[in-house]
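Take a look at the structure set out below.
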Amino acid sequence: MDNTKKFNNKADKYSSGRPSYPKELIKTLYDMYGFNKSSVIADIGSGTGILTRQLLEMGSEVYAVEPNENMRKKAKAELARIEKFHSVNATAENTALIDRSVDHITVAQAFHWFDTALFKKECNRILRERGNVVLIWNTRDIDAEINKVQSRVFEKYCRDFNGFSGGMKRGDDRIKVFFDVCGYDVLEFKNPILYDRDRYISRCLSSSYSLMEGDENFDRYMIELNMLFDRFSESGILTIPNNTIAYIGKIN
C-alpha cells in the first residue's frame, strides 16, 4: 500500500488516541536550538497536528505538510482558526514549499515512512542557513511487561506489524545516514501515557498496521486488547511506559 494511504479512515482514532510530546522537549527546542516566536517551521508528516499544535502554542508559524487527506482535514478542523497555521497537501519528498523558506523542520512519528535520501534533499532545499531538523518518536519501554504482551498481540493479528515506532531503533542507521557528518544531539524524556479504555482502544486502532472493523479477525483482536487493558489497568486507567526521543541536528 502507498505509505500516504496507510492512515486512511484513522484520523479520528489517531487524534483521540495519540499522545502529545513532553513540554520539556518543546521548551528545550526554544531555549537551546534556536526555535522562537518568529520561527517559520515545516512540520512534515504532520498527521492530525499533534506536534503542530504545540509549536503554534509557542507562537511560531507552522506549515503542516501532510499527504493523507483524512489526517489533513482533521488537523484543519482543529487548527484552522489559528492565524499562523498553514495546511499543505504534499509529501516529505516534495513539500511544495518555497526554496529557503523555513527556519526549522520537525518530524514526529513519521520519518520511518520517508525516502531518506529524497527527504534530505528536500530539507536542504527548503531550509534556511543554520536551520535544524528534529526527528521525534514516542517510544515504548520494551522491557515493560505490558509492552511485551501488547507486542505479542500485534504480532499475532497484524501482519504489517514490525515493531513499535515503525521498527525504528535508537540510533537507527537511517538516522545516522540522514545527518551524516554533521552529527546530531539526542534528547530523551520520560513520557508515560495514561489511557482510559476508550482512548487505549483508539490508540491501538490508530496504528497503520492495526486491523480495522470488517476484518475477519477483528472481533478476536478486540477481545484480546480489552483483556490486556483489564489485566494491566488500575482503577480504570492503563499506564504505558514510554519515552520521547528526539534527534536534532543540521544537514549538509
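Within the bounds of region 161-180, is there any residue that is within 19 Å of the chain's Cα centre (by Cα), at pLDDT below 90, among the hydroxyl-bearing types (Ser, Thr, Tyr) and not in a helix (DSSP H, G or I)?
no
Val134 passes all but one of (1) out of contact with any Ser or Thr (no Cβ under 6 Å at 6 or more places or on another chain); (2) under 24 Å from Met32 (Cβ atoms); which number fails?
Answer for Val134: the failing condition is (1).
Residues are listed down the side, and each one gets a yes or a no for (1) farther than 28 Å from Asn252 by Cβ; (2) acidic (Asp, Glu):
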| residue | (1), (2) |
| --- | --- |
| Thr116 | no, no |
| Lys120 | no, no |
| Arg128 | no, no |
| Thr139 | no, no |
| Asp160 | yes, yes |
| Asp172 | no, yes |
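Filter region 146-161 down to residues that are open to solvent by 30 Å² or more (accessible area, probe 1.4 Å) and without any contact (Cβ under 8 Å) to a residue 40 or more places away in the chain, then give me how many there are.
Total meeting the criteria: 3.
If you scan region 2-49, which residues turn out to be in contact with a Ser or Thr (Cβ under 9 Å, 6 or more places away or on another chain), open to solvent by 20 Å² or more (accessible area, probe 1.4 Å) and either of a type in the set (Phe, Trp, Tyr) or at pLDDT below 85 (or both)?
Result: Asn3, Thr4, Lys6, Phe7, Asp12, Lys13, Tyr14, Ser15, Ser16, Arg18, Tyr30.
Is it fair to say Leu211 is in a loop (DSSP other than H, G, I, E, B), open to solvent by less than 20 Å² (accessible area, probe 1.4 Å) and on the phi < 0 side of the Ramachandran plot?
It is true that Leu211 is in a loop (DSSP other than H, G, I, E, B), open to solvent by less than 20 Å² (accessible area, probe 1.4 Å) and on the phi < 0 side of the Ramachandran plot.
Do you know which residues across region 78-132 are among the β-branched types (Val, Ile, Thr), in a loop (DSSP other than H, G, I, E, B) and either touching a Phe, Trp or Tyr at 6+ places or on another chain (Cβ under 6 Å) or open to solvent by 30 Å² or more (accessible area, probe 1.4 Å) (or both)?
Matches in region 78-132: Ile82, Thr91, Ile98.
Can you find, within region 222-252, the residue that is surrounded by the fewest Cβ atoms within 10 Å (Cβ to Cβ) among those that are more than 30 Å from Leu187 (Cα to Cα) and either in contact with a Ser or Thr (Cβ under 8 Å, 6 or more places away or on another chain) or free of Cβ contacts under 8 Å to residues at least 24 places away in the same chain (or both)?
So, considering only residues that are more than 30 Å from Leu187 (Cα to Cα) and either in contact with a Ser or Thr (Cβ under 8 Å, 6 or more places away or on another chain) or free of Cβ contacts under 8 Å to residues at least 24 places away in the same chain (or both), the one surrounded by the fewest Cβ atoms within 10 Å (Cβ to Cβ) is Ser235.
Does Ile175 satisfy the criteria of being in contact (Cβ under 8 Å) with a residue 24 or more places away in the chain, touching a Ser or Thr at 6+ places or on another chain (Cβ under 6 Å), closer than 30 Å to Ala117 by Cα and aliphatic (A, V, I, L, M)?
In short, no.
The values are calculated or read from the model by the stated rules, or taken from the named source; none is laboratory data. Everything numeric here is computed off the predicted structure, so don't read it as measured data. No Cβ is skipped: glycine too gets one built from the backbone with ideal geometry, and neighbour counts run over all protein chains shown. Side chains included, ligands, DNA and RNA excluded: accessible areas come from the protein's heavy atoms. Shrake-Rupley method; radii C 1.70, N 1.55, O 1.52, S 1.80 Å.
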